[in-house]
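The values are calculated or read from the model by the stated rules, or taken from the named source; none is laboratory data. These numbers were taken from a predicted model, which means no experiment stands behind them. Cβ placement follows ideal geometry from the backbone for every residue including glycine, while neighbour counts extend to all protein chains displayed. To get the accessible areas, we keep the full protein, side chains included, count just its heavy atoms, and leave off ligands, DNA and RNA. Shrake-Rupley method; radii C 1.70, N 1.55, O 1.52, S 1.80 Å.
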Amino acid sequence: MTDAVVQLKDVTRVYGQGNVAVHALQEVTVEIYRGEFVCVVGPSGCGKSTMLHLIGGLDSPTSGTVTLEDQDLSTYSNNELSDLRLKRMGFVFQAFNLIPVLSASENVEFILQLQGVEPKDRKARALEVLDSVGLADAANRRPGELSGGQQQRVAVARALVGSPLLLIADEPSANLDSTTTRELCELLQTINREHRTTILIATHDSVVMSYSTRTIQLEDGKIRQADAA
Amino acid sequence: MNNFKLVLNLSLRNLWRQRRRNSILLVAITVAIGGVIVLNSLIRGMQVQMVDSVVENLSGHIKMHAPNYRDDPSMERGFVLDPRGVERAIEGLPVLGWAARISIPAVIMSERETRGATLIGVDPDQEHISIISRFELEGESLKSASDSRILVGRALVEELRTKLGRRIVITTLDSNGMSKEIGFRIAGVYDAESESFEKSLVFSGRNALQELLGSSKVTEVSIRLKTRYAQKEDFEQVRDSFLELDVLDWQQANPIVAFMYNTVNLVIYIWLGIVLGALVFGLVNTLITAVLERIREFGLFRAVGMRPRIIIAQVVSESVCLMLLGIVFGVTGSLLIFAWLHNGIDLSAFASGVEMMGMSSQMKPALVAHDVLVVVLVSVVLAVVASFYPARRAVRMNPLDALRH
Ligand SMILES: Nc1ncnc2c1ncn2[C@@H]1O[C@H](COP(=O)(O)OP(=O)(O)OP(=O)(O)O)[C@@H](O)[C@H]1O
Ligand SMILES: [Mg+2]
């Protein structure tokens with residue numbers, strides 16, 4: 001029994017075969033603990049997204065094990081992985097995050113709906129979370145009527161609404177200006193501190209890094225150094 | 001339940017998002033379903049008319065002959081009527097009435113022309129069950145079974161170039177197979193809906209005819225029920241009471257009409273299959289487009305933990321919702337058309353062709369609830385089936401690949 005929320009042990013992920021094989025991750029071993037705010041950094045193509053996807057159960061390693069709260073993800077069925085993502089994790093993706101036909105609040109609420117929360121509770125909860133990302137006014141707008149930053153904040157609200165154990169965000173600030181980025185990071189930091197939600201962010205952005213408690217540096221699919229901030 | 005609401009909500013909004021494309025499909029579904037129902041009701045109307053007119057035109061629901069009568073209808077092949085036997089046989093059945101008749105081929109001569117026809121001896125008191133009591137008549141009807149005058153159809157009177165009140169001579173065979181000539185006075189000239197009926201049937205009193213032909217036999221008994229169709233058990237009750245006679249239901253008594261009737265049943269389903277089959281292609285096509293343009297959304301849903309079967313449910317529900325809408329419009333439309341055509345369509349322009357099939361020149365649609373139900377159920381089932389392949393495509397892709405799409 002360890003305190004680690006996430007554990008990667010000798011994880012290798014190879015895309016393709018033979019000459020064209022790409023070693024996106026090579027023998028990576030790393031642990032992430034409860035309440036940490038971790039940034040995964042490194043040049044483009046170093047394997048940041050790959051690592052996040054493996055931890056999120058969206059991809060499986062070529063070799064090695066990924067465990068979440070001491071459970072080996074490879075032992076989960078597809079439906080169990082779905083449920084795990086639904087109930088224990090929150091995701092913010094780099095590009096496409098919101099369902100166009102749903103309003104901002106509905107984009108947040110549907111997670112609760114899938115979790116089986118009662119209608120009246122989930123409405124209130126969705127609005128509360130939207131309010132906490134500063135978007136209470138935009139609750140009824142569709143994604144197409146929101147700016148990039150607003151969309152990203154809705155995505156964060158969506159990721160947070162189910163009170164996840166782990167929040168995974170892949171370059172959440174890619175489309176944001178530095179002021180908006182700061183606001184987003186402050187928000188994440190508050191959540192991290194108040195709820196002890198573990199946060200894992202892949203980023204190039206030094207602003208984001210400055211909020212982290214630890215950074216993991218990747219280079220060519222290997223860890224360069226993993227040090228406490 | 002939660003998921004059901006979410007799925008329905010997403011389906012309806014996505015249908016609305018592509019409202020142009022979907023309304024085109026909706027129109028197609030509406031027209032197809034409405035068209036099928038309207039056409040079915042016309043076909044059913046034809047069927048009902050066929051049966052009604054066969055039953056009304058002397059066949060009744062159940063008919064009895066001597067065993068060999070139908071091969072060679074003649075007085076020789078008659079039987080002695082046992083009225084009490086008939087009453088016993090129909091006891092407990094919903095019988096409107098029954099009639100015993102003589103029906104034999106005859107040659108009819110006026111001063112100018114000669115025609116072949118069937119001479120029918122009837123008891124007017126029994127004929128409230130058939131068209132004979134409802135003729136539009138010029139002149140008089142037969143007074144009783146002993147009335148020895150004759151009723152002739154308008155068309156035949158014209159062909160014979162005779163008229164009301166004149167005499168005609170009929171040659172037929174008596175019960176010994178001997179040729180016999182009998183003179184009749186024309187008591188009335190009747191108008192029937194079909195010309196062929198008018199040309200082929202003449203009526204006289206049954207008892208009078210028996211006396212003239214020196215026989216106490218009849219050639220048929222016709223039983224009419226209060227219902228449109230005879231129940232199998234009712235028919236069997238009568239059949240089992242007259243083992244020595246040929247007891248026929250309307251289908252056996254009118255094999256050609258019965259064949260058309262049954263063919264029509266088949267036609268209805270073939271037609272249904274073709275139209276709805278074509279619809280399925282349109283539906284599959286639209287659904288595939290809808291799935292492919294939303295592949296990233298499905299990827300996102302799955303990445304955040306939606307189970308594949310909820311994704312599948314979305315596609316199926318989209319298909320079913322569209323179909324249900326089409327059904328509502330189609331059925332409503334067809335009911336409106338039905339109400340509008342309710343009083344019948346005048347087909348007198350094609351009267352002769354129509355009459356051949358034993359129908360009148362008025363075509364009345366008949367809405368059969370069972371047919372509508374079949375159309376509705378089959379459409380819904382097809383909507384589900386049509387969504388299977390597109391739904392599979394929506395979940396086949398790994399969520400990450402779908403997100404990157
Ligand atoms: N589905 C895939 N098929 C083949 N190769 C892939 C696939 N996904 C990633 N790769 C390769 O694996 C390597 C690591 O990719 P990854 O997306 O993890 O990088 P990254 O650090 O997230 O980069 P970026 O900062 O540009 O997002 C890259 O060389 C990439 O080309
Ligand atoms: Mg990446």
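Longest stretch of chain A clear of exposed loop sites (trypsin sites (Lys or Arg not before Pro), DSSP loop, at most 16 other Cβ atoms within 10 Å, sites excluded): A:35-140.
For A:LYS87, a cut-off of 21 angstrom between C-alpha atoms picks up these lysines, skipping any fewer than 8 places away in its own chain: A:LYS120, A:LYS123, B:LYS5.
Dipole magnitude for the protein assembly as shown: computed about the Cα centre from +1 point charges on Lys and Arg Cβ and -1 point charges on Asp and Glu Cβ, it is near 1080 debye. Rounded to the nearest 20 debye, the dipole size of segment B:62-228 about its Cα centre is 100 debye, using +1 on the Cβ of Lys and Arg and -1 on the Cβ of Asp and Glu. With just the Cα atoms defining each centre, how far is segment A:189-226 from segment B:224-299? Give it in Å. Going from one Cα centre to the other spans 69 Å.
Cross-link reach is defined here as a Cα-Cα straight distance under 12 Å, omitting same-chain residues fewer than 8 places apart; for A:LYS48 the aspartates and glutamates meeting it are A:ASP170, A:GLU171, A:GLU219, A:ASP220. For the set B:LYS180/B:LYS226; B:LYS199/B:LYS364; B:LYS143/B:LYS364; B:LYS63/B:LYS199, the pairs lying more than 29 angstrom apart at their alpha carbons are B:LYS180/B:LYS226; B:LYS143/B:LYS364.
Alpha-carbon geometry of segment B:114-214: the Rg and the Dmax are 12.7, 36 Å, given in that order. How far is helix B:2-17 tilted off the main Cα axis of chain B, in degrees rounded to 10, range 0 to 90? Once rounded, the angle reads 80 degrees. Checking every one of the GluC sites (Glu not before Pro) in segment B:208-310 against DSSP loop status and a limit of 15 other Cβ atoms within 10 Å picks out B:GLU244, B:GLU293.
For segment B:23-110, GluC sites (Glu not before Pro) meeting the loop criterion (DSSP other than H, G, I, E, B) and having at most 10 other Cβ atoms within 10 Å: B:GLU91. Farthest towards the positive end of the charge dipole of chain B, among the residues B:VAL189, B:VAL238, B:PRO399, is the Cα of B:PRO399, using unit charges on the Cβ of Lys, Arg, Asp and Glu. Principal-axis analysis of the Cα atoms of chain B puts helix B:19-54 at an angle of about 20° to the longest axis.
The trypsin sites (Lys or Arg not before Pro) found in segment B:219-324 that occupy coil by DSSP, while having at most 10 further C-beta atoms within 10 Å, are B:LYS226, B:ARG228. For A:GLN94, the residues whose modelled amide H falls within less than 5 Å of its own, excluding neighbours fewer than 5 places apart on the same chain, are A:ASP170. Sorting B:LEU151, B:LEU96 by accessible area puts them as B:LEU96, B:LEU151; the probe is 1.4 Å, largest comes first, and only protein heavy atoms count. Per-residue SASA remark: B:ARG101, around 0 Å² accessible (1.4 Å probe; ligands, DNA and RNA not included).
The simple Förster model, with R0 at 30 Å and r as the Cβ-Cβ distance, assigns B:LEU137 and B:GLU111 a FRET efficiency of 0.85. Applied to segment B:119-130, the Karplus parametrisation 6.51 cos²θ - 1.76 cosθ + 1.60 on θ = phi - 60° returns per-residue 3J(HN,Hα) values of 8, 10, x, 10, 9, x, 5, 8, 8, 5, 7, 10 Hz, with x for Gly and Pro.
Rolling a 1.4 Å probe over the protein heavy atoms of segment B:62-228, with every protein chain left in place, gives an accessible area that is 45 percent carbon and sulfur. Averaged over the residues of peptide B:295-304, the number of Cβ atoms from other protein chains lying within 10 Å of each residue's Cβ is 6.
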